[in-house]
1. If we keep just the residues of the range 373-405 that are assigned to a loop (DSSP other than H, G, I, E, B) and among the β-branched types (Val, Ile, Thr), which is nearest to residue 280 (Cα to Cα)?
2. Taking residue 240, is it modelled with pLDDT of 95 or more, under 13 Å from residue 438 (Cα atoms) and more than 22 Å from the chain's Cα centre (by Cα)?
3. Could you list, ordered by first residue, the pairs with Cβ atoms under 8 Å in which the first is in the range 381-401 and on the phi > 0 side of the Ramachandran plot and the second is more than 11 Å from the ligand (Cβ to nearest atom) and in a loop (DSSP other than H, G, I, E, B), at least 6 apart or interchain?
4. Across the range 133-150, what is the total count of residues that are part of a loop (DSSP other than H, G, I, E, B) and either without any contact (Cβ under 8 Å) to a residue 40 or more places away in the chain or crowded, with 24+ Cβ neighbours inside 10 Å (or both)?
5. Select, from 123, 188, 167, the only residue that is closer than 19 Å to residue 456 by Cβ and either among the aliphatic types (A, V, I, L, M) or within 13 Å of the ligand (Cβ to nearest atom) (or both).
6. Could you tell me whether the range 37-49 includes any residue that is among the polar types (S, T, N, Q) and modelled with pLDDT under 95?
7. Looking at the range 144-160 only, could you name the residues that are away from the ligand (no atom under 16 Å from the Cβ) and in contact with a helix residue (DSSP H, G or I) (Cβ under 6 Å, 6 or more places away or on another chain)?
Amino acid sequence: MKNYLAKWKRIYSDTEQMQLYTSYVREWDERINAFIQFDPGGQTDDGAGSNGLLRDVPFAVKDNIAVRGFNCTCGSNILKGLRSPYTATAVRKLQDAGARVVGKTNLDEFGMGSSNENSAFGATSNPWDSSRVTGGSSGGSAAAVAAGLVPFALGSDTGGSVRQPAAFCGVYGLKPTYGSVSRYGLTAYASSLEVIGILAAKPEIIRETFDVIKGQDPMDHSSLPYEPVGFERKVTRIGVLPESMLDLQDDVMKGYRESIRKLQDLGYTVSEIDIPALEYTVYAYYTIATAEASANLARYNGIRYGLRDNSGESYEEMLVKSRSRGFGDEVKLRVLLGTYVLRSGFQDQYYIRAQKIRTAIRQGFERAFGDVDLILQPVFPAKAFLHGSAGMSPLQQKLADNYTGSANLAGIPALAFPVIVENGLPVGMQLLAPPFEERLLFQAAEKWQEAVPAAVCPGVPPEWS
Ligand code: GLN
């Protein structure tokens, strides 16, 4: 692993290496649009004192996570031109370990979407096939890793936004336990669901990065001290849902069955588990996520920061015009939905009900983890789909959050990993673990990577893979 990271340090060793790197990134980025801002020399908080493992290792950060001196657009017109005055705790910890931010990656506006097409900065394209999407909302981070532009990148996962693009781009993606990584500096979309996550081509990199960023932070009162639970347990039992609960495209079903077969070959016992409440994942997720989004996005009012349209006569007009011009359609839809489910007199019908489903899902996982160490689930019912109207509709995309949203509702960690490449496109699955048991995920993923090394995206030369 040291060697793998060492080769990335070369770009900061001399100007020629930096030039080679910069032209490699620019060439790819013209095709895939992974970065909203690429500036490998732009980091101001320099962990120069550090001699840690990550010294001079480059990484990319989703553009809804603050890095001082860089922009923080959240993929939105309303924040175009905003420069972060401070740095997110997770990023700062990596900088303290010596790592360097090379740029900010593209995303669905405020993290809302599954295609990376809901960005005011244009869609990101999949490095495996640029006529297709990367998945979202951390699509820029996933594409940058898959194309060999960085050894790892930070993303955020509110309902699947790290795991889904990881699966579409053939890389590993961790959504940690809720509260295990500080959210200070992560722009809020749905605060009770989201967490900063990591994307990388190798599970060891995810483990090492997670080790750096985890832990309690006085700046985030929902963060918790990370105390690995007890002794190092060996993973032996993996639970799966009955196939009748899954509705997957053929290639994805093939990947799912293949992953079960290979996990059995690796010595794991695979057995069926039963969590009936999972059937309601999407409904509970979108009720809670939009409710929280409508409150969190009230801060974009044209006053404090971001776009202000002063062409009207009154405060109200300024507010309406700024928000109408600044937000994209998907964001407007979700603010409206969130306001709707929170209307007075309707909370019982929607919000409270969704919270009850959330509890049932969490308890379902708790019960299941009495019998198995990890749970295997698909990430998304389809592989990377085509851009635009030839792809999936916004409603279809939401329904497809079925397999990812449950980990966010329950607050448990999940790791997406590449399984097969079918007709030129990667298929990924995910493993879920009890809270604060990320170690079990790494244990299984590293064993998996050894037995089934992930395919490298075509066009990525060995020096960047
Ligand atoms: N696809 C989900 C959504 O659109 C997940 C987004 C996320 O995790 N940020 O809300």
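The values are calculated or read from the model by the stated rules, or taken from the named source; none is laboratory data. These numbers were taken from a predicted model, which means no experiment stands behind them. Don't worry about glycine lacking a Cβ; one is built from the backbone with ideal geometry, like all the others, and counts go over all protein chains shown.
1. Filtering the range 373-405 down to residues assigned to a loop (DSSP other than H, G, I, E, B) leaves 373, 379-385, 387, 391-393, 404.
From what's left, among the β-branched types (Val, Ile, Thr): 379, 404.
Details: 379: 16, 404: 12 Å.
Here the residue is 404.
2. Working: modelled with pLDDT of 95 or more: yes; under 13 Å from residue 438 (Cα atoms): no; more than 22 Å from the chain's Cα centre (by Cα): yes.
No: the conditions fail for residue 240.
3. 388/117
4. So in the range 133-150, the residues part of a loop (DSSP other than H, G, I, E, B) come out as 134-138, 147-150.
The next check asks that each one be either without any contact (Cβ under 8 Å) to a residue 40 or more places away in the chain or crowded, with 24+ Cβ neighbours inside 10 Å (or both); those that pass are 134-138, 147, 149-150.
Residues flagged as part of a loop (DSSP other than H, G, I, E, B) and either without any contact (Cβ under 8 Å) to a residue 40 or more places away in the chain or crowded, with 24+ Cβ neighbours inside 10 Å (or both) within the range 133-150 amount to 8.
5. Only one candidate qualifies: 167.
6. Here is the first cut: in the range 37-49, the residues among the polar types (S, T, N, Q) are 37, 43-44.
Those still in the list that are modelled with pLDDT under 95 too: 43-44.
The answer is yes; a qualifying residue exists.
7. Step one: of the range 144-160, the residues away from the ligand (no atom under 16 Å from the Cβ) are 144-152.
Result: 146, 147, 148, 149, 150, 151, 152.
Per-residue answers, yes or no, for (1) within 16 Å of the ligand (Cβ to nearest atom); (2) within 26 Å of residue 71 (Cα to Cα):
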| site | (1), (2) |
| --- | --- |
| 289 | yes, yes |
| 292 | yes, yes |
| 301 | no, yes |
| 305 | no, yes |
| 317 | no, no |
| 336 | yes, no |
| 345 | no, no |
